């Protein structure tokens, strides 16, 4: 049975209230084609848990799709150093934010991937991340066990029983309903190959109940299995395959195209207010029927200027700033 779907079909599998996570890191290799479609389908009450967030998360939050956000950072790096939409929603009290350190979030994904309920760490001792007053899910009454995806405690403080080396923090596993990944290549059966940095993709994919993979191209499984050591994820873990070239725009995709910095900066500047976000979304999300129309609106010349040189795997003519 074929796993292949369109972007709208894949987005329809994500239900209101689902806990979701994504591939990539900040402004790299984010599954933007599906993010736009989630907004277009007006998903609500999503629980977004990530090792690190970025433009995709800020878009979903600005659109009112996210009820709970758990991570350590959000922004557009050089093109908007904070998540303006998250900041606004947090100040108005329309979103719950649970703060962990970067390393703690990685450990939570690792625990989910390994199938264990928690992992220990010394990270963040002496910080307010461990202050019970800032356990926002507990304050909202969401750690009562009624939602199997939400742990009963934000963390547990325990004493080392093996070497008596002091206090440890146990951080709970993340077990998302869905992980959405954007990669360079996927096989016809679902074998995933990622070029360049892999970030926490393996952990996020293995932690999730369902995996949607969006790829620049679908290639023969036989081709990927010639060099199995280069593959990241086996096909049995992948539920849905979508072929969508340029599907990470405006984020970057190593070996395929650069980050569209001007687009991100424009998004950041225009969406500092809700009215600004709504106007931006009317143009770039609701103003086009699908992702293909979005790419047509961007135009061939703009995309071509972002395309990576096939030998270097990056664009050798892009300006990357001056001192």
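Rule-based calculations on the coordinates, nothing more; no lab input. Computed from a prediction, not measured in an experiment: that's the story for all the values here. Neighbour counts run over all protein chains shown; Cβ positions are idealised from the backbone, glycine included.
Before moving on, here are some points about what is shown:
- Segment 9-53 versus segment 67-125: alpha-carbon centroid distance in Å: 15
- Gap separating the Cα centres of segment 155-216 and segment 225-267, nearest whole Å: 17
- For segment 201-266, the relative contact order is 34 percent, taking Cα pairs closer than 8 Å that sit 6 or more residues apart in sequence and dividing their mean separation by the residue count.
- Among 271, 121, 26: highest mean-square fluctuation, GNM of the chain, C-alpha pairs under 10 Å: 121
- Each Cα pair under 8 Å and six or more residues apart adds its sequence gap; the mean of these over the residue count of segment 14-116 is a relative contact order of 24 percent.
- Fluctuation leader among 177, 45, 131 - the chain, Gaussian network, Cα springs under 10 angstrom: 131
- Using a Förster distance of 41 Å, the FRET efficiency for residue 13-residue 164 (Cβ separation, nearest 0.05): 0.25
- Proportion of all alpha-carbon pairs of segment 5-45 beyond 15 Å (%): 41
- All C-alpha to C-alpha distances of segment 259-307, sorted into 10 Å bins beginning at zero, yield P(r) values of 25, 49, 25, 1 percent in whole numbers.
- Estimated FRET transfer efficiency when R0 is 51 angstrom, pair residue 91-residue 311 (beta carbons, to 0.05): 0.60
- Listed residues 138, 200, 111, most fluctuating in the chain (Gaussian network, C-alpha, under 10 Å): 138
- The value given for segment 100-186 is a Kirkwood hydrodynamic radius of 14.4 Å, derived from the mean inverse Cα-Cα separation.
- In segment 115-166, the C-alpha radius of gyration followed by the widest Cα-Cα span (Dmax) gives 13.0, 37 angstrom.
- Size descriptors for the chain, from the alpha-carbon set: Rg then Dmax equal 19.7, 63 Å.
- Hydrodynamic analysis of segment 156-306 uses the Kirkwood radius over alpha carbon pairs. Inserted into Stokes-Einstein at 4 °C and 1.567 mPa s, it gives a translational diffusion coefficient of 71 µm²/s.
- Per-peptide average of other Cβ atoms within 10 Å, ordering 299-310, 254-265, 230-241 highest first: 254-265, 230-241, 299-310
- Tail fraction, Cα-Cα pairs, segment 36-136, threshold 16 Å, whole percent: 61
- Interatomic Cα distance distribution for segment 87-147, bins of 10 angstrom, percent: 19, 41, 36, 4
- Percent of Cα pairs exceeding the 22 Å cut-off, where the set is segment 148-242: 43
- The ellipsoid that matches the Cα gyration tensor of segment 213-284 has semi-axes, each √(5λ) in whole angstrom, of 35, 14, 10, with the longest given first.
- Relative contact order (%) - criterion: Cα under 8 Å, at least six apart; region: the chain: 20
- Per-pair calculated FRET efficiency, R0 = 22 Å: residue 302 and residue 279 via Cβ, rounded to 0.05: 0.60
- Over all pairs of different C-alpha atoms in segment 236-323, the reciprocal of the mean inverse distance, the Kirkwood hydrodynamic radius, equals 14.8 Å.
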